[in-house]
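First up is the structure itself, then whatever we jot down about it.
The values are calculated or read from the model by the stated rules, or taken from the named source; none is laboratory data. As the structure is a computational prediction, the values presented were derived from the model and not from experiment. In this analysis, Cβ positions are derived from the backbone assuming ideal geometry, glycine residues included, and neighbour counts consider all displayed protein chains.
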Amino acid sequence: MSSDGHAALFRGQRRGVLIPLSSPSGAGKTTLSKRLLAQNPDIVLSVSTTTRQPRPGEQHGVDYYFTDEATFMQQVEEGAFFEWAKVFDHYYGTPKAPVMEAIEEGRDVVFDIDWQGAQAIAEQAAEDTVRVFILPPSLALLEDRLKKRGQDSSEIIDGRMARAKSEIEHWSEYDYVIVNDDFARALEKLNLILHAERWKRSRHPWLDGFVQALMDE
């Protein structure tokens, strides 16, 4: 059989990539993740579980998995989450099952998540996880972006800036770091990272059979 024939016989579905994407507030991770998803139809955004009530227009399974506190805590006991936390009287968690199902099917999963969440995912799925941190070009520009949103008081902005510094302290824990000084360039780099990681040998288990067939010719 020709090598092309062997390739056709053995080539199978690659394994997906988990991409926790982190940044301080205002540095652009949410916009970058949305654009990345728009450009790559085989990527999905991880959907969190929450105990808060749906807001107008939110859909179960699309924006969040909405549940009650008793069910949420049962899922915690069962180890159903990569990570979970209580925020402003409501619980939030990152469910494992739909994420692992997606990567088994060859789809990539992006997480818009903080450094603690990214760390938890990397600890539990080390071979599948590629962490990317987005840095602002400067803290002054980051503060200016937050002010231009016109959504927060000066006290809230001061708090966000303090948290931004705390987030940035963890930059060296990530596999890749992108400085978002130009959105188009940052998006291009994010796409390059994704496409390179997709071709890692470990994400193509069909290669074992293909190489063995080559050696048996």
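Details
- Scanning the range 118-164 for residues that are charged (D, E, K, R), more than 22 Å from residue 19 (Cα to Cα) and loosely packed, with under 12 Cβ neighbours inside 10 Å returns 148, 149, 155.
- Filtered by the rule that a residue be in contact (Cβ under 8 Å) with a residue 60 or more places away in the chain and either more than 17 Å from residue 192 (Cα to Cα) or polar (S, T, N, Q) (or both), the range 26-54 gives 26, 27, 28, 30, 31, 33, 39, 40, 44, 45, 46.
- Among (1) over 30 Å from residue 182 (Cα atoms); (2) surrounded by 14 or more Cβ atoms within 10 Å (Cβ to Cβ); (3) in contact with a strand residue (DSSP E or B) (Cβ under 9 Å, 6 or more places away or on another chain), the one test that residue 106 misses: (3)
- Residues (among the aromatic types (Phe, Trp, Tyr) and either surrounded by 13 or more Cβ atoms within 10 Å (Cβ to Cβ) or more than 23 Å from the chain's Cα centre (by Cα) (or both)) located in the range 165-186: 171, 174, 176
- Every condition in (1) small (Gly, Ala, Ser); (2) assigned to a loop (DSSP other than H, G, I, E, B); (3) within 14 Å of the chain's Cα centre (by Cα) holds for residue 122 except the one numbered (2).
- Any hit, the range 42-50, residues being over 13 Å from the mean Cα position of the chain (by Cα), assigned to a strand (DSSP E or B), closer than 27 Å to residue 123 by Cβ and at pLDDT 90 or above: yes
- Positions within the range 61-72 being in a helix (DSSP H, G or I) and either free of Cβ contacts under 8 Å to residues at least 12 places away in the same chain or among the acidic types (Asp, Glu) (or both), in sequence order: 69, 70, 71
Let's see how each residue does on (1) under 20 Å from the mean Cα position of the chain (by Cα); (2) loosely packed, with under 12 Cβ neighbours inside 10 Å; (3) not small (Gly, Ala, Ser):
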| site | (1), (2), (3) |
| --- | --- |
| 54 | no, no, yes |
| 67 | no, no, yes |
| 72 | no, no, yes |
| 77 | no, yes, yes |
| 93 | yes, no, no |
| 97 | yes, yes, no |
| 113 | yes, no, yes |
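- Looking only at the range 20-31, and only at residues there that are in a strand (DSSP E or B) and in contact with a Ser or Thr (Cβ under 8 Å, 6 or more places away or on another chain), the one that is nearest to residue 124 (Cα to Cα): 20
- Only one of 106, 57, 93, 79 that is part of a loop (DSSP other than H, G, I, E, B), touching a residue at least 40 places away in the same chain (Cβ under 8 Å), out of contact with any Asp or Glu (no Cβ under 6 Å at 6 or more places or on another chain) and farther than 18 Å from residue 29 by Cβ: 106
- Odd one out for residue 199 among (1) closer than 29 Å to residue 104 by Cβ; (2) of a type in the set (Phe, Trp, Tyr); (3) surrounded by 13 or more Cβ atoms within 10 Å (Cβ to Cβ): (3)
- Verdict on residue 143 being among the acidic types (Asp, Glu) and more than 17 Å from the chain's Cα centre (by Cα): yes
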